[in-house]
Amino acid sequence: MEVIICPDAEAVAQLAAAKVERVARDRGPEPVIGVATGSSPVALYDALAARVASGELDLSDAHAFALDEYVGLPPGHPESYAEVIRRTVTEPLRLDPARVHVPDGRAQDLEAAAAAYEDAIAAAGGVDVQILGIGSNGHVGFNEPTSSLASRTRIKTLTARTRFDNARFFASADEVPTHCLTQGLGTIMAAHEVVLVAQGDGKAEAIAGLVEGPVTAMVPGSVLQLQRRATVIVDEAAASGLR
Ligand code: F6R
């Protein structure tokens, strides 16, 4: 794992976009990109979208797999990750919607939907580059503390802290779903390359645990210490807890 500290959030986005672009080119045709939702990768997606708009980068043959999805939101709910990915990734990066996958959080049989998602990733040849953010409690995807380091896509219960953190996207905290489908830590670790971005001092404790703490299920992101091609790109505020 490599850690890169950038002077500010814009530099984080530009460096991360350059890494994703390089992997997409090197591993193409039909590169497979793992995409996160949340605030952290928004500027990275903007930077990639600018490269696509200028004609410098063409991702029309890329496949994309979202990390996770809430369980039980109605179809078309603006905060469902299917919708968030459409707005922030598929359209601006001009991806082919038929090649963009999000776990089916409305499936009758959630276990079967989780297994089908693992199968779809495998059928695409695995993820070439996985984009990640990190939760303030150290989660990646929705793998909350105590998640098995070997876990695969499955149903998880969201912690009170994550529901509180994500309440800003909903009218009230009570509207944040209690469950999700998420790629597991084992799924994320199987990506050829991982790029995690974090900005701001609210992520300092999580980044310190990820980078310098023991590898532990209590800080799920710490498993990335064992991923040889993981790059953690942070601004100075997110790096402020590092020794
Ligand atoms: C998003 C995801 C989460 C977020 C994390 C950080 O698909 O799986 O792990 O990356 O909660 O969220 P933000 O970036 O909003 O601080």
For the stretch 106-134, name all the residues that are in contact with a His (Cβ under 8 Å, 6 or more places away or on another chain) and not in a helix (DSSP H, G or I).
Ala124, Gly126, Val127, Asp128, Val129
Here are some conditions: (1) more than 13 Å from the ligand (Cβ to nearest atom); (2) modelled with pLDDT of 95 or more; (3) closer than 18 Å to Val71 by Cα; (4) among the aliphatic types (A, V, I, L, M). Ala173 meets all but one. Which one does it not meet?
(2)
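Rundown of residues vs (1) in contact (Cβ under 8 Å) with a residue 60 or more places away in the chain; (2) in a strand (DSSP E or B); (3) more than 12 Å from the ligand (Cβ to nearest atom); (4) closer than 15 Å to Asp68 by Cβ, yes/no style:
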{"position": "Ser136", "(1), (2), (3), (4)": "yes, no, no, no"}
{"position": "Leu149", "(1), (2), (3), (4)": "yes, no, yes, no"}
{"position": "Arg163", "(1), (2), (3), (4)": "no, no, no, yes"}
{"position": "Ile188", "(1), (2), (3), (4)": "yes, no, no, yes"}
{"position": "Val194", "(1), (2), (3), (4)": "yes, yes, yes, no"}
{"position": "Gly202", "(1), (2), (3), (4)": "yes, no, no, no"}
{"position": "Ala206", "(1), (2), (3), (4)": "yes, no, no, no"}
How many residues does the stretch 75-99 hold that are on the phi < 0 side of the Ramachandran plot, in contact (Cβ under 8 Å) with a residue 12 or more places away in the chain, surrounded by fewer than 23 Cβ atoms within 10 Å (Cβ to Cβ) and not aliphatic (A, V, I, L, M)?
9
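The values are calculated or read from the model by the stated rules, or taken from the named source; none is laboratory data. Computed from a prediction, not measured in an experiment: that's the story for all the values here. Every residue, glycine as well, gets a Cβ built from its backbone with ideal geometry; the counts of neighbours run over all protein chains shown.
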